[in-house]
Amino acid sequence: MIRLHSALLTLLLFVTTIAAAQNINSEPTAISAYRINVEDDMYLAMDLDPNTIVALLFQQDKPEAKKLMQNTLDLIYEKINTETAIQLAPIETLKEHTKYSKMGYPIGTLKKAGKSGVAKQYVSIDIT
């Protein structure tokens, strides 16, 4: 878990730097997709069992996978909303306009989200 946390902090620092360099409006930004894919070399270091890996990959409703997804999302919200101009809207913002996994996270596309008209900005979060 420590390695994932370090990798996420590095990723978020990169996102923060890019967002600061761009002219991004501070309007709510809806999340059209949120996925985590743990590579082979990471799941051993993170001490994740194969069932959790499969649950993450296929967004199955398993307690360990849900905990990892939620903890990671909480960290993303904290960093993005406090250190960039981007203001991530609640995860359920597109509930009626896109597909959601059994875990309760959006699995749609930016194109479909954009057609919904719910927000002016959209983001897809893929962590590998």
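The values are calculated or read from the model by the stated rules, or taken from the named source; none is laboratory data. Every value quoted in this text rests on a predicted model; they were computed, and no experiment measured them. Here the Cβ is made from the backbone with ideal geometry for all residues, glycine too, and neighbour counts use every protein chain on show. All accessible areas refer to the heavy atoms of the entire protein, side chains included, with ligands and DNA or RNA removed. Shrake-Rupley method; radii C 1.70, N 1.55, O 1.52, S 1.80 Å.
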Is there any pair with a first residue in segment 99-121 that is under 19 Å from Ile76 (Cα atoms) and touching a residue at least 24 places away in the same chain (Cβ under 8 Å) and a second that is basic (Lys, Arg) and open to solvent by 40 Å² or more (accessible area, probe 1.4 Å) whose Cβ atoms are under 6 Å apart and which are 6 or more apart or on different chains, and what are they?
Met103/Lys66; Ile107/Lys99; Gly108/Lys99
Residue check: is Gly114 within 10 Å of Ser32 (Cα to Cα), small (Gly, Ala, Ser) and out of contact with any Asp or Glu (no Cβ under 7 Å at 6 or more places or on another chain)?
yes
Name the residue, out of Leu56, Leu88, Leu73, that is closer than 26 Å to Thr29 by Cα and either touching a Ser or Thr at 6+ places or on another chain (Cβ under 6 Å) or aromatic (Phe, Trp, Tyr) (or both).
Leu88
For segment 108-128, give me each residue that is surrounded by 16 or more Cβ atoms within 10 Å (Cβ to Cβ) and part of a strand (DSSP E or B).
Gln121, Tyr122, Val123, Ile125, Ile127
Restricting the search to segment 38-61, which residues are without any contact (Cβ under 8 Å) to a residue 24 or more places away in the chain, surrounded by fewer than 19 Cβ atoms within 10 Å (Cβ to Cβ) and not hydrophobic (A, V, I, L, M, F, W, C)?
Asp40, Asp41, Tyr43, Asp49, Pro50, Asn51
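Please specify each residue of segment 56-67 satisfying the condition of being part of a loop (DSSP other than H, G, I, E, B) and closer than 16 Å to Asn37 by Cβ. Talk me through it step by step, then tell me what you get.
Looking only at segment 56-67, we keep the residues that are part of a loop (DSSP other than H, G, I, E, B), and these are 59-62.
The answer is Gln59, Gln60, Lys62.
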Of all residues being closer than 12 Å to Tyr34 by Cβ and of a type in the set (Val, Ile, Thr) in segment 70-85, which is surrounded by the fewest Cβ atoms within 10 Å (Cβ to Cβ)? Just the residue, please.
Thr72
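Let's see how each residue does on (1) in a helix (DSSP H, G or I); (2) more than 18 Å from Asp126 (Cα to Cα); (3) of a type in the set (S, T, N, Q); (4) at pLDDT 85 or above:
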site: Thr10; (1), (2), (3), (4): yes, no, yes, no
site: Ser26; (1), (2), (3), (4): no, yes, yes, no
site: Tyr34; (1), (2), (3), (4): no, no, no, yes
site: Val38; (1), (2), (3), (4): no, no, no, no
site: Met42; (1), (2), (3), (4): yes, no, no, no
site: Met69; (1), (2), (3), (4): yes, no, no, yes
site: Leu75; (1), (2), (3), (4): yes, no, no, yes
site: Ile91; (1), (2), (3), (4): no, no, no, yes
site: Met103; (1), (2), (3), (4): no, no, no, yes
